[in-house]
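The structure appears right after this line, and notes come after that.
The values are calculated or read from the model by the stated rules, or taken from the named source; none is laboratory data. Values in this document were obtained by computation on a predicted structure and should not be read as measured data. Neighbour counts run over all protein chains shown; Cβ positions are idealised from the backbone, glycine included.
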Amino acid sequence: MRMLAFVLLTALVAPCARAADLQVVLHNAKGQPVRDAVVTYYPQGGAGSGPIRFDWPYRMAQQNLQFDPFVLVVPAGATVAFPNHDQVRHQVYSFSPAKPFELKLYGRDETRTIKFDRVGVIALGCNIHDSMVAFIKVVDTPFAAKTDAQGVAVLHGAPAGPGALKIWHPYMKAPGNELSEQVSAPQGGVLRRVETVDIRSPPIRRNSY
Ligand SMILES: [Cu+2]
């Protein structure tokens, strides 16, 4: 009888389609954590409709002659701000097919915005400072996160069932700088993947000014 009560209780608190968290832990062959990788998840049954929103700012600042952050994830259709916090002027551009653009020179405490409609990777540079490099990853799934300094990314609320888990890093040795694998999100709880990835050293760029 007690067993039956337990089973009934479990059935009550566990609705049939609970969402799971997907946790990805990335390191390189030396065991060092890999940060700034973008982890996305595409449930086979679709991710639902409606606008995608992330809880971090859609902002690519210029500070201390660098872009900040190094990698920014935004949903397709997002408008990204490019504030300049430096004393000097920057001229931000991209040749990437997903959104080629060039902002005119602009100075301290000024900002510009650009809308990114197409899914893809936008490599950013500055015409004045060759060492400034950053990437915007435009995605079409609500399940997206960046690995932190410990190499960890967590995607919350993935629906139970199969789907494609993708891991992208601008310097990953893989076709399109991306790995993809089929996983199955459990009914609740956490699916944890520990992955070893091969990351190239970034190209050395020096400022020519
Ligand atoms: Cu610059």
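A compact table of results
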{"quantity": "Any chance P57 is more than 15 Å from the ligand (Cβ to nearest atom), more than 12 Å from the chain's Cα centre (by Cα), without any contact (Cβ under 8 Å) to a residue 60 or more places away in the chain and over 26 Å from R35 (Cβ atoms)", "calculated": "no"}
{"quantity": "Filter result (touching a Phe, Trp or Tyr at 6+ places or on another chain (Cβ under 9 Å) and in a loop (DSSP other than H, G, I, E, B)) within region 70-87", "calculated": "F70, A76, G77, F82"}
{"quantity": "Positions within region 168-209 being part of a loop (DSSP other than H, G, I, E, B) and of a type in the set (K, R), in sequence order", "calculated": "K173, R200, R205, R206"}
{"quantity": "Restricting region 2-42 to residues that are among the aliphatic types (A, V, I, L, M) and part of a strand (DSSP E or B), the residue that is modelled with the lowest pLDDT", "calculated": "A20"}
{"quantity": "All strands (runs of 3 or more DSSP E) inside region 93-167 with 3 or more residues being within 15 Å of the ligand (Cβ to nearest atom) and on the phi < 0 side of the Ramachandran plot", "calculated": "120-126"}
{"quantity": "Tabulated pairs, region 94-113, first over 16 Å from M132 (Cβ atoms) and touching a residue at least 40 places away in the same chain (Cβ under 8 Å), second surrounded by 15 or more Cβ atoms within 10 Å (Cβ to Cβ) and aliphatic (A, V, I, L, M), C-beta under 7 angstrom, 6+ apart or interchain", "calculated": "A98/V121; A98/I122; A98/V138"}
{"quantity": "Residue selected from region 60-69 under the condition outside any strand (DSSP E or B) and under 17 Å from K146 (Cα atoms), by the criterion farthest from the chain's Cα centre (by Cα)", "calculated": "M60"}
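Matching residues to (1) over 23 Å from I199 (Cβ atoms); (2) at pLDDT below 95; (3) surrounded by fewer than 19 Cβ atoms within 10 Å (Cβ to Cβ):
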| residue | (1), (2), (3) |
| --- | --- |
| G45 | yes, yes, yes |
| I52 | yes, no, yes |
| L65 | yes, no, yes |
| D68 | no, no, yes |
| A78 | yes, no, no |
| H85 | yes, no, yes |
| V92 | yes, no, no |
| L105 | yes, yes, yes |
| T113 | yes, no, yes |
